[in-house]
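What follows is a short report on a single structure.
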Amino acid sequence: MDITLPKGVGYIIKELNKNGHEAYVVGGCIRDILIGLPPKDYDITTSADPDEVIRIFRKTIPTGIRHGTVGVVTTDGIYDVTTYRADGEYINSRYPANVIFIDDLVEDLRRRDITINAIAFNTEKGIIDPFDGTSDIRGKIIRAVGNPILRFKEDALRILRAIRLATTLNFNIEEKTLFGIVETMDGLQFISVERIREELNTILLSETPSRGISMLFQLGVMKYVIPEIMPMAVFSQFNPHHDKDVLGHTLDVVDHVPAKLHLRLAALFHDCGKPGTFTVDRNGIGHFYGHEVRSAEIAETTLLRLKYDRKTIKKVLTLISNHMVSIDMKNELKLKKLIRKLEKENINDLFELKTADFVSKPENGNTRLFEISALRDRMVDIIERKDPLQIRDLAVSGQDIMNLGIREGREVGRILNLLLDKVLKEPKLNEKETLLTIARKELDE
């Protein structure tokens, strides 16, 4: 295979070679090139120690000197250059206590996690693949380098990386590596929630996220990632509208919504409250009254624990809380209040979630899909008419109300909300003098 490296990468390797050092691109970039994917970034490994790298190149950034990494600035970007190294004893299943700089490429590759990440390349020597990662690429296999138990005990985050790679690349995890995951997953309790969150995000944004989520459940790893949703597994719904258990239905929904993080998260959590709200009627039919409220509560607790940003959490909770809204709604006042509750930016996402929720059920006929689409169209029509929907859309401001002689903020808010209620029912009332007349009448009563 003809591998072309970016200009800056070629320059760095050439300069290191000129100064008597080995240098190769390594890891994910070579893996992706061999698979046929565009590399996200390029990492360079070298026999030169960090001080030598700094001496050779005019402009460098000490990005990780302690671990042997120096950022080298070139005309087409900054590239990390890391000295060959062997890791000392690992602490808390995550970080080596110390690193030892070495001059042996194979030993440097030996410390890496997965065989397909332990491949090096330069234009002179070609592919260096001591652990047969290229064969695993051809076989679509995720295999730990050396002893899987040792690899995962060193750094438990490698467990999630293996599952993430199997998901994003559509590869299978080989048997010994699977056993290694099961044997060592307790180490995940020492991994920061931020690291866990980022691996989860990548799984959720993959082409088929259900593969990764299923693996997390099947291997027992989910209890270290999102223990809050564990009750969904094998929870039968006893309902004619569902032919799968709660988890099976959820996985279908996650796969069917577009690859937007907040939407995939909403799909993952939308029914997680069902086990806690399950009841059975006299006919043996299962019901989950109010499960959307319970699901939103679980989602909020979990997303806060995983330190998601507030904007994402708000979007996810809005979608979950409203995913059971009736698609038969035709009353314009109710529709306007729903638009206010959702906020305009979430409307299309809600209908993406509702559509995915519906097509993942056994009775997914075209009539119901048409009704979902029709409800969306009615809401879009209201928005496009530019009917006033929020206090900020009123023809009067808080200052206008204060000018009537009101000084107490709560009373100003009450009057504005009263005016909005009237305008929602009759948009033609939204004229300044008309609204001030209504406000004065309210104050005189």
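The values are calculated or read from the model by the stated rules, or taken from the named source; none is laboratory data. All values reported here derive from a predicted model rather than from experimental measurement. Note: ideal-geometry Cβ built from the backbone for every residue, glycine included; neighbour counts use all protein chains shown. Surface accessibility is based on the protein's heavy atoms, side chains included, excluding ligands, DNA and RNA. Shrake-Rupley method; radii C 1.70, N 1.55, O 1.52, S 1.80 Å.
What list of ³J(HN,Hα) couplings, whole Hz, do you get for segment 182-189 from phi and the Karplus terms 6.51, -1.76, 1.60, once you set θ to phi - 60° and write x for glycine and proline?
5, 5, 10, 5, 4, x, 5, 5
Gaussian network model of the chain, Cα springs within a sub-10 Å range: biggest mean-square fluctuation belongs to which of 144, 299, 86?
86
Got a sec to turn the phi values of segment 294-304 into Karplus ³J(HN,Hα) couplings, 6.51 cos²θ - 1.76 cosθ + 1.60 with θ = phi - 60°, whole Hz, x for Gly and Pro?
Those phi angles translate into 5, 4, 5, 5, 5, 4, 4, 4, 5, 5, 5 Hz.
Determine, for each peptide in 292-298, 33-39, the mean count of other beta carbons within 10 angstrom over its residues, then list the peptides with the highest first.
Order by mean packing, descending: 292-298, 33-39.
For the pairs 337/432; 18/140; 315/422, flag any whose C-alpha to C-alpha distance is greater than 31 Å.
In this structure, 18/140 exceed 31 Å between Cα atoms.
Picking from 302, 123, 208, which is most flexible by a Gaussian network model of the chain using Cα springs under 10 Å?
Maximum fluctuation in the GNM of the chain, among the listed residues, is at 123.
Quick query: amide H of residue 99 versus all other amide H atoms, modeled in the peptide plane; which residues come in under 5 Å with a sequence gap of 5 or more or a different chain?
88
Looking at segment 305-384 from every direction and averaging, what is the projected area of its Cα convex hull in nm²?
Reported value for the Cα convex hull: 6.0 nm².
With the chain treated as a Gaussian network of Cα nodes joined by springs under 10 Å, which of 342, 424, 268 yields the largest mean-square fluctuation?
424
Roll a 1.4 Å probe over the protein chains and send me the accessible area per residue for segment 156-299 in Å².
Value for segment 156-299: 41 Å² per residue.
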